[in-house]
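Data first, discussion second: the structure below is written as structure tokens.
The values are calculated or read from the model by the stated rules, or taken from the named source; none is laboratory data. Remember, it's a predicted structure, so these values are computed and weren't measured experimentally. Quick reminder, even Gly has a Cβ in these numbers, built from the backbone with ideal geometry, and neighbours come from all protein chains shown. Calculation scope for accessible area: heavy atoms of the full protein, side chains included, ligands and nucleic acids excluded. Shrake-Rupley method; radii C 1.70, N 1.55, O 1.52, S 1.80 Å.
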Amino acid sequence: MHNPYFLLIFPDELDIEEEKKRLYELIKGDEKIKGIGETEEYNSFWDFEKKRKVSKIYVSHPSHVPEVSDKLFNLGFYTAEHDIPYHERVLTDLASQGFWIFDTKGKERKINVTVYDIEITKYGQREAPIDIIGYSNLSISFVSNSNLKDEDFFFQIVDMPENEGKIEQMIANDENEEIKNLLKFCDIASKSDIIAGHNILGFDNLQIESRIKNLLQKSSILSDEEVKNFKNFIDKYTRRDQSFHFGIANDVSIFYPSSFDTYLAARKFYPLEDFSLEGVANFLGVEIKDRIIVSLEEMALDERTIKYNEQDVIEEVRIFLSLIQQGLPLAFTTGMPFELLFPAGAVKMWDYMAMIRAGYHKKIMPPLCRVYDIAKKIGSYGSNKKEIAEKIRKEGASKDIIRVVKYGEEMPEWVEYPFLICGENNEIAYHFPGGMTVKPDRDARSHFIPWFKVIVADVGAMYPTILRALNAGADTVMIANDEPDEWVWLKRVPEKFISIKKPVYREGGEEFVDKGFLIGVKISRKPGVINLAMRGMMDFIKKIKKEMREKEGKEKKRLQMMYQSLKAARNAGTHGILSAPMVACRQFNLWGAALITTKGQEILYDTLQTLRQGNARVVYGDTDGIYVACSRSASERLRKALGAEYGKEDWILQPSEAYEIIEECNDKWRKKLQYDGFELEAEEYEAMIFVKHKNYLIFDIENDKVKMITKGNNFKGSDKPDIARIILEDIMINVLKENLSWKDEEKARESVKNSIKNITMEKIKNLDIENFDISAFSLIQSVQPHKRYKPNLDGSLSVYGERSAALEKLIGKINARRKFRFIITKKPLPGIRKPTKSGLKPIHYMYPLELLKDRNEIDMEWYREMIKNFVEGAFGLPNIDVKNQYGLDKWM
């Protein structure tokens with residue numbers, strides 16, 4: 001049985017037994033306090049040389065923790081871990097005691113999954129019944145084992161279905177049938193290990209929970225047994241919570257034992273523009289051909305809606321089967337249930353993993369706070385921790401500040417120099433370098449040139465290995481008062497910090513340091529909580545990579561998906577989680593973050609110099625890696641995939657030599673760091689074209705065909721129909737085909753620019769809608785009821801309001817926000833008196849795709865102009881069509 005608690009910290013200078021006696025007297029008769037635990041020794045988080053005496057204060061209910069903590073603080077005591085949500089407290093405590101989520105202890109285990117979707121034909125009306133529940137049951141077998149002591153993790157999916165099974169549907173024609181269906185669903189859900197579906201936390205679960213509660217309150221036909229069963233489900237298997245998106249709170253409902261929301265999972269793993277069921281299904285390639293779409297207004301208890309629900313469930317099962325291969329191993333490795341894992345950012349995820357290790361190694365976990373906000377105000381309460389605590393006891397402060405200050409001597413060190421974080425003009429006062437950059441248009445002069453056989457020294461794994469090698473973390477690095485263990489580079493430091501804090505520092509002294517200060521830091525010899533978690537994750541990834549080389553087919557694909565999710569989590573767990581002053585976090589430590597980036601700068605600078613000394617042509621560099629071009633001519637494999645004639649290789653540097661230089665750098669830094677796991681991972685691409693920093697094109701071969709991958713905002717075109725990206729790829733593959741070899745860089749650059757211009761105009765001229773699926777021309781937008789749109793200043797409808805009103809003439813009343821696929825047509829929507837086609841999206845000319853009868857109605861001239869503008873903007877080439885002259889406003 002777990003009891004809610006927080007920690008009481010005894011100040012160093014006081015007698016513990018006397019303080020305990022005083023405490024017993026002060027809390028006598030307080031029914032909210034259940035008891036005081038034994039005195040224990042915990043490790044300080046911020047000062048790795050200190051131990052602190054603590055006792056657990058047990059309370060009668062989790063909601064009493066903040067209030068009792070405040071009371072003890074005001075009585076002169078310090079408290080800690082008083083802000084951990086109780087469900088996280090329980091889960092992390094259990095994990096630290098060996099009760100690890102999804103741990104089968106090395107034995108094969110089969111789990112039951114229910115994927116479901118509901119339809120409400122009267123959605124938006126009060127007390128609307130749940131008319132249709134469609135679901136499918138499946139099972140997954142896996143083997144896993146966790147060993148927190150040695151940070152050793154193993155996970156393997158043994159068996160899972162490849163496709164959806166039978167789809168069951170429960171349809172309610174009246175309240176009696178609805179109650180019967182809901183009771184059956186409660187029984188199915190409570191016997192399942194995972195409840196899954198798309199947006200179930202924010203919709204399906206929420207609607208079912210709300211409907212059951214409504215029936216419990218108002219239904220006159222429920223039997224005592226039915227009431228009992230419903231209450232049992234609500235009390236034992238559901239929990240209401242809130243999710244936050246861009247600061248806006250939304251209610252969610254979690255169904256236990258575990259809720260796998262494929263909407264949130266897709267957001268976790270993929271950077272999509274459209275996370276709707278349709279968008280994710282299309283992205284994963286699991287969509288149903290000739291899919292039925294039913295709007296809220298069209299919902300009815302008819303064959304079409306029933307079929308729509310069935311297809312929903314089929315696609316949701318397919319999506320689940322894809323995403324579970326990433327989600328289940330990540331949930332196991334992090335120790336986080338899906339409902340916590342998927343909405344969590346990198347900071348929250350690594351704070352959670354740190355909390356498990358803090359519990360296991362008895363280390364006081366810091367408070368959750370937005371560091372910048374605290375730093376902005378806390379300086380007015382005093383210059384040291386004791387002053388701050390005493391003044392706030394007398395005068396009070398905001399809840400956010402009190403949450404931090406109650407820690408007393410265990411407050412973060414930065415509370416004594418907040419001016420390093422928030423400057424006099426409310427700016428971030430410090431600046432430390434991120435990854436080293438080699439910009440293609442400014443530094444490398446490599447832009448608009450086709451580079452072949454490009455080898456990337458990937459630094460993604462470098463930062464985690466630096467963290468592990470140096471033991472860089474929030475609880476392991478602090479400012480040195482004497483001889484430092486390492487130096488960290490800050491490009492900007494306030495004069496006030498240097499004069500008041502008096503750190504050990506020097507200006508310059510390293511080749512890679514162009515300005516700022518090197519500040520001395522001390523590093524703990526014991527691994528920190530993030531280092532421990534990183535060790536477990538990196539060792540697990542190493543095992544997966546070894547297996548990937550040995551396996552084929554389905555097993556290899558499954559391992560690749562596991563690898564991708566764990567790799568992303570690993571790469572997110574370094575300096576970013578230690579240096580996020582604008583994000584609520586527990587482990588902000590500027591020195592730990594700067595230690596990682598400083599060593600990274602040193603390694604990258606050294607690698608860059610070593611590559612250049614080896615006559616390598618470095619064409620790009622950023623936080624992703626250092627890119628080396630090996631050839632001026634396309635390989636035979638690339639030419640064959642393009643259908644081009646054979647051509648001679650023209651090496652700048654043999655690829656084997658580039659690999660040797662990278663391995664030489666690896667060997668050098670393994671020795672310097674005294675860490676055998678250090679690695680600059682090498683990847684190879686057939687061809688690349690760089691435009692500017694963080695915007696470039698990769699050309700590789702997949703199934704004997706050339707595939708283009710775009711990187712950067714220039715090429716996203718998220719506000720444009722798919723046809724823009726389809727034509728862009730067609731253009732650039734043809735550009736590559738025209739420029740398969742070159743001798744002079746400047747001439748190659750001009751040749752590529754001319755090819756882009758000429759091929760773009762040719763493709764636009766010959767654009768034929770009959771060669772494409774019409775959906776490629778569609779724009780997805782949401783439309784609300786026209787009265788919800790803010791009117792113009794004169795009271796008239798805005799363009800969005802006019803469109804909504806016009807659409808109602810075509811499809812009937814729009815009662816709620818609804819997504820449409822639109823096509824741009826030659827004629828405006830009916831009833832719009834003064835249509836305008838100005839702007840990126842001509843709102844008045846957006847016609848619903850589902851109502852389009854004749855392709856000749858499509859405004860192909862608009863699409864041609866849109867594609868031309870997209871290409872011009874992507875490459876910064878404003879005169880592709882030299883015949884036309886445009887005003888400045890076109891490019892603004």
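Within the same chain, lysines fewer than 8 places from Lys648 are excluded, and of the rest, those with a Cα less than 28 Å from its Cα are Lys453, Lys640, Lys705, Lys707, Lys737, Lys743, Lys747, Lys753, Lys757. Two decimals is fine: what is log10 I(q)/I(0) at q = 0.11, 0.20 Å⁻¹ for the stretch 1-82, from a Debye sum with one equal scatterer on every Cα and no solvent? Normalising to I(0) and taking log10 leaves -0.27, -0.90.
Under the combined filter of DSSP loop state and at most 11 neighbouring Cβ atoms within 10 Å, the stretch 216-301 retains these GluC sites (Glu not before Pro): Glu273. A simple count of charges around Asp159, restricted to other residues whose Cβ falls under 13 Å of its Cβ and scoring Lys, Arg +1 and Asp, Glu -1, yields +1. Under the criterion of Cα pairs below 8 Å and six or more residues apart, the relative contact order for the chain equals 10 percent.
Restriction of the trypsin sites (Lys or Arg not before Pro) in the stretch 403-494 to DSSP coil positions whose beta-carbon has at most 11 other beta-carbons within 10 angstrom yields Arg442.
On alpha carbon coordinates alone, what is the Rg over Rh value for the stretch 118-162, Rh being the Kirkwood radius? The partial results should precede the final answer.
Values: Rg = 20.7 Å, Rh = 14.8 Å.
Rounded to two decimals, Rg/Rh equals 1.40.
Using the Kirkwood radius over Cα pairs, work out the Stokes-Einstein diffusion coefficient for the stretch 774-857 at 10 °C and 1.306 mPa s, in µm²/s as a whole number. Result for D is 121 µm²/s.
Mind checking the stretch 7-53 for trypsin sites (Lys or Arg not before Pro) that DSSP puts in a loop (not H, G, I, E or B) and that have at most 10 other Cβ atoms within 10 Å? Show your work: numbers first, answer last.
Numbers: sites: Lys20, Lys21, Arg22, Lys28, Lys32, Lys34, Lys50, Lys51, Arg52, Lys53; in loops: Lys28, Lys32, Lys50.
Those that pass, being in a loop and sparsely packed, are Lys28.
Of the accessible area of the chain, computed with a 1.4 Å probe over protein heavy atoms only, carbon and sulfur atoms account for 46 percent.
Ranked by the mean number of other Cβ atoms within 10 Å per residue, highest first, peptides 432-440, 164-172, 317-325 order as 317-325, 432-440, 164-172.
What is the dipole size for the chain, taken about its Cα centre, with +1 at each Lys and Arg Cβ and -1 at each Asp and Glu Cβ, in debye to the nearest 20? Please report the intermediate quantities before stating the final value.
On the way: 133 positive and 139 negative charges, 266 e Å.
The calculation lands at about 1280 debye.
The mean accessible area for residues of the stretch 438-528, using a 1.4 Å probe and ignoring ligands and nucleic acids, is 42 Å² per residue. Protein heavy-atom accessible surface, 1.4 Å probe, per residue over the stretch 650-715: 52 Å². Note: relative contact order over the stretch 99-345, using C-alpha pairs below 8 Å and six or more positions apart, is 24 percent. Its relative contact order, with pairs defined as Cα atoms under 8 Å and 6+ residues apart, puts the stretch 1-82 at 45 percent. Rounded to the nearest 20 debye, the dipole magnitude of the stretch 1-117 is 520 debye, with +1 charges on Lys and Arg beta carbons, -1 on Asp and Glu beta carbons, and the Cα centre as origin. Please get the size of the charge dipole for the stretch 642-763, origin at its Cα centre, with Cβ charges of +1 on Lys and Arg and -1 on Asp and Glu, quoted in debye to the nearest 20. I would put it at about 740 debye. Roughly speaking, what is the centre-to-centre gap between the stretch 342-361 and the stretch 805-821 when only Cα atoms are used, to the nearest Å? Their Cα centres are 45 Å away from one another.
Using heavy atoms of the protein chains and a probe of 1.4 Å, the accessible area assigned to Asp235 is about 120 Å².
Suppose only helical runs count, i.e. DSSP H with n ≥ 4. What mean residue ellipticity at 222 nm does that imply for the chain under -39500 (n - 2.57) per run, divided by all residues and rounded to the nearest 500 deg cm²/dmol? Please report the intermediate quantities before stating the final value.
Details: 26 runs with 348 residues, N = 892.
Here the helix-only value at 222 nm equals -12500 deg cm²/dmol.
Ligands, DNA and RNA are left out, and with a 1.4 angstrom probe the accessible area of the stretch 774-857 is 58 Å² per residue.
Once backbone amide H atoms are built at 1.01 Å from N, Cys585 has Cys369, Arg370, Val371 as its partners under 5 Å, excluding neighbours fewer than 5 places away on the same chain.
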